[in-house]
Amino acid sequence: MTRVLTPDICILGAGSGGLSVAAAAAAFGVEVVLVERDRMGGDCLNAGCVPSKALLAAARQAQARRSGVGFGVGETEPLVDFAAVGAHVRSVIAAIAPHDSVERFEALGVTVLKAEARFGGPDRVMAGDCEIRARRFVVATGSRPLVPPIPGLDAVPYLTNETLFDLTECPAHLLVLGGGPIGMEMAQAHRRLGAQVTVVEAHKALGRDDPELAAFVLDQLRAEGVEILEGSRVEAVEQADEGVALLVAGPGGSHRRVEGSHLLVAAGRAPVLTGLGLDAAGIGYGPRGITVDGGLRTTNRRVYAIGDVIGGLQFTHAAGYHAGLVVRSILFRLPAKENRDLVPWVTYTAPELAQVGLSEAEARRRFGDRVRVLAVDYAASDRARADRATIGRLKLIAGQRGRLLGAGIAGALAGEMANLLSLALAQKLDMKALAGFVAPYPTYGELVRRAALSYYAGMPANTWVRRTIRFLRLFG
Ligand SMILES: Cc1cc2nc3c(=O)[nH]c(=O)nc-3n(C[C@H](O)[C@H](O)[C@H](O)COP(=O)(O)OP(=O)(O)OC[C@H]3O[C@@H](n4cnc5c(N)ncnc54)[C@H](O)[C@@H]3O)c2cc1C
Ligand SMILES: NC(=O)c1ccc[n+]([C@@H]2O[C@H](COP(=O)([O-])OP(=O)(O)OC[C@H]3O[C@@H](n4cnc5c(N)ncnc54)[C@H](O)[C@@H]3O)[C@@H](O)[C@H]2O)c1
């Protein structure tokens with residue numbers, strides 16, 4: 001028999017976005033039903049951010065063994081036990097899992113249904129033996145790996161982020177199809193853990209980032225032995241004696257065959273829409289995802305969509321940001337408007353690559369000559385010198401009257417510095433504020449102050465400033 005539930009909010013998907021809406025709404029005593037068909041925590045916890053960052057951390061340990069000589073510490077080739085690395089990755093997931101668990105959410109007062117959800121009409125969702133008639137619905141069904149229709153690909157075994165972390169042996173030669181953040185993070189992790197790695201990228205690797213800053217990362221990966229083929233499109237895939245072969249159309253009409261033992265497909269993401277009954281609910285969508293307005297409402301006014309399924313910026317913190325906007329709109333009827341410029345991103349290679357607000361290119365496109373770029377190299381940081389981590393650059397993008405428009409960083413702990421700059425951007429701070437705080441010495445964060453100070457580089461030589469100083473001297 002069908003059970004009818006009538007909560008205030010019904011959420012489809014318990015990943016980063018869905019869980020954030022559920023926790024926030026439940027905290028205000030609102031009745032919530034959360035439907036999840038698979039693992040609580042979604043992609044981020046089980047097959048995305050968490051396992052990839054845990055693997056990168058293991059790879060960092062391995063690399064540290066190889067790079068001690070400058071510090072006077074002997075170098076050695078690390079003994080990597082790949083199965084034990086896998087156990088480390090699983091233990092990190094297990095340590096975080098209780099935070100996303102059914103038990104925790106039920107304790108918060110949320111009704112969790114482990115079932116496949118689908119709209120049965122504009123005002124109801126079916127899940128297992130339940131029909132949920134909620135006042136508002138939030139679709140947070142996320143994304144899955146996009147597997148391009150390349151001839152031969154479906155006839156060979158290949159990995160995606162959903163299977164990569166289950167490997168128990170290090171691939172002898174990992175081929176990576178796609179040089180985006182997944183491809184480059186996993187390329188470096190596997191290289192450092194002992195694999196030979198070749199990345200094949202149709203356009204520019206890390207193509208969504210500032211090319212000047214991305215170059216620091218690509219140079220480092222190449223120096224570590226990762227082969228990166230840019231301007232190289234995989235046109236066909238076939239079985240090879242030792243694994244898989246990619247047939248690649250390269251620059252200038254060249255063609256080559258690249259063989260490896262394993263293939264990782266990291267060619268982007270596709271929204272999870274199938275079987276959701278979106279047509280029955282009058283919810284519009286396209287190939288990139290569910291269509292939403294600035295307030296994240298779908299074409300059905302009762303229904304919001306957030307996170308990867310809307311096909312915008314696909315990050316855990318973007319899904320969390322969406323969740324905050326939707327809760328504000330549903331609970332308090334306050335206007336909520338997504339501002340994508342406020343969503344930073346970080347690629348966790350070494351060096352890290354971070355982007356906050358507008359890139360230099362985007363700022364110049366919007367504001368032309370009124371933009372000033374204030375760049376400072378990591379070599380200027382005493383902390384970077386001490387750590388022998390001098391590869392990198394920080395760029396502040398300043399608009400009229402020194403207002404912070406954006407920042408890009410390639411270098412050690414770039415993601416941590418992105419926090420400070422993200423706050424500065426959200427608070428509409430200017431170069432005066434960024435030059436005027438006291439930064440602890442020696443930290444990488446001092447680079448932010450240093451770049452901001454360079455906005456005033458002409459001031460000491462300014463005639464009026466000098467005259468003022470001379471005038472004030474007259475008073476004793
Ligand atoms: C390898 C990798 C590394 C990443 N690293 C980072 C990173 O370092 N930092 C970062 O910010 N982002 C990272 N991301 C992106 C991040 O994982 C996603 O942006 C985030 O998980 C999106 O959250 P979401 O809630 O939209 O979707 P998801 O987390 O995918 O959750 C969707 C949930 O909906 C469920 N679902 C789907 N359909 C139904 C249905 N019909 N009924 C019930 N349940 C359903 C799914 O089972 C899933 O649990 C990474 C992604 C990958 C793949
Ligand atoms: N640190 C992070 O925050 C992080 C890490 C990993 C993933 N993510 C999220 O996951 C999303 C997906 O990452 P991704 O790296 O899979 O996607 P992506 O879209 O960023 O990159 C895919 C790349 O594959 C290339 N490609 C596609 N078809 C090809 C072909 N036939 N031959 C050669 N190259 C081809 C594309 O040109 C593109 O550069 C990211 O956009 C990001 O939102 C975030």
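Could you list which residues have their amide H under 5 Å from that of His173, counting only those 5 or more apart in sequence or on another chain, with H placed in the peptide plane?
HN-HN under 5 Å from His173: Gln196, Ser261, His262.
Tell me, what is the FRET efficiency for Arg473 and Asp8 to the nearest 0.05, using R0 = 56 angstrom and their Cβ-Cβ distance as r?
Working from the Cβ atoms, E equals 0.20.
Which residues' amide hydrogens lie under 5 Å from the amide hydrogen of Ala240, considering only partners 5 or more residues apart or on another chain, with H built in the peptide plane?
Those lying under 5 Å, H to H, from Ala240 are Ala245.
Could you tell me the center-to-center distance, by alpha carbons, between the stretch 87-145 and the stretch 261-328 in angstrom?
Between the Cα centre of the stretch 87-145 and that of the stretch 261-328, the gap is 15 Å.
Work from the charge dipole of the chain (Cβ charges, +1 for Lys and Arg, -1 for Asp and Glu, about the Cα centre) and give the residue of Gln400, Gly179, Ala27 farthest towards its positive end.
Most positive-ward Cα: Gln400.
Rounded to the nearest 20 Debye, what is the dipole magnitude of the stretch 351-455 about its Cα centre when Lys and Arg each give +1 and Asp and Glu each give -1 at the C-beta?
Its charge dipole is roughly 420 debye.
Which whole-Hz ³J(HN,Hα) couplings does the stretch 26-40 yield from phi under the Karplus relation 6.51 cos²θ - 1.76 cosθ + 1.60, θ = phi - 60°, glycine and proline marked x?
For the stretch 26-40, the Karplus-derived couplings read 5, 4, 8, x, 7, 6, 10, 10, 10, 10, 9, 8, 10, 8, 4 Hz, x marking Gly and Pro.
Could you tell me the calculated FRET efficiency between Ala426 and Phe332, based on Cβ-Cβ distance and R0 = 22 angstrom, to the nearest 0.05?
The pair Ala426/Phe332 has a calculated efficiency of 0.65.
For the pair Asp154 and Ala240, what calculated FRET efficiency results from E = 1/(1 + (r/R0)^6), where r is the Cβ-Cβ distance and R0 = 22 Å, to the nearest 0.05?
In this case the efficiency is close to 0.85.
Any idea what the dipole of the chain comes to, in debye rounded to 20, about its Cα centre with Lys/Arg Cβ at +1 and Asp/Glu Cβ at -1?
Computed charge dipole of the chain: roughly 2640 debye.
In deg cm²/dmol and to the nearest 500, what is the mean residue ellipticity at 222 nm of the chain if only DSSP H runs of at least 4 residues count, each as -39500 (n - 2.57), divided by the residue total?
Mean residue ellipticity at 222 nm (helix-derived): -9500 deg cm²/dmol.
Taking θ as phi - 60°, what are the ³J(HN,Hα) couplings along the stretch 54-66 by the Karplus curve (6.51, -1.76, 1.60), each to the nearest whole Hz, with x for Gly and Pro?
5, 5, 5, 5, 5, 5, 5, 4, 4, 5, 4, 5, 8
Need the C-alpha centroid separation for the stretch 423-476 versus the stretch 193-216, integer Å.
Computed from Cα coordinates, the inter-centre distance equals 36 Å.
Could you pull out the trypsin sites (Lys or Arg not before Pro) across the stretch 389-476 that fall in loop regions by DSSP (anything but H, G, I, E, B) with no more than 15 other Cβ atoms inside 10 Å?
Within the stretch 389-476, the qualifying trypsin sites (Lys or Arg not before Pro) (loop, at most 15 other Cβ atoms within 10 Å) are Lys428.
How big is the dipole moment of the stretch 102-168 about its Cα centre under a simple scheme where the beta carbon of each Lys and Arg is +1, that of each Asp and Glu is -1, and everything else is neutral? Debye, nearest 20, please.
That gives the stretch 102-168 a dipole magnitude of about 380 debye.
Ignoring GluC sites (Glu not before Pro) that are buried or in helix or strand per DSSP, and keeping those with at most 13 other beta carbon atoms within 10 Å, what is the longest stretch of the chain between them?
Segment 243-476 is the longest.
Computed from the coordinates by the stated procedures, all read-outs in this text should not be read as laboratory data. Since the structure is predicted, the reported quantities are computational estimates derived from the model, not experimental observations. Backbone-built Cβ (ideal geometry, glycine too); neighbour counts: all protein chains shown.
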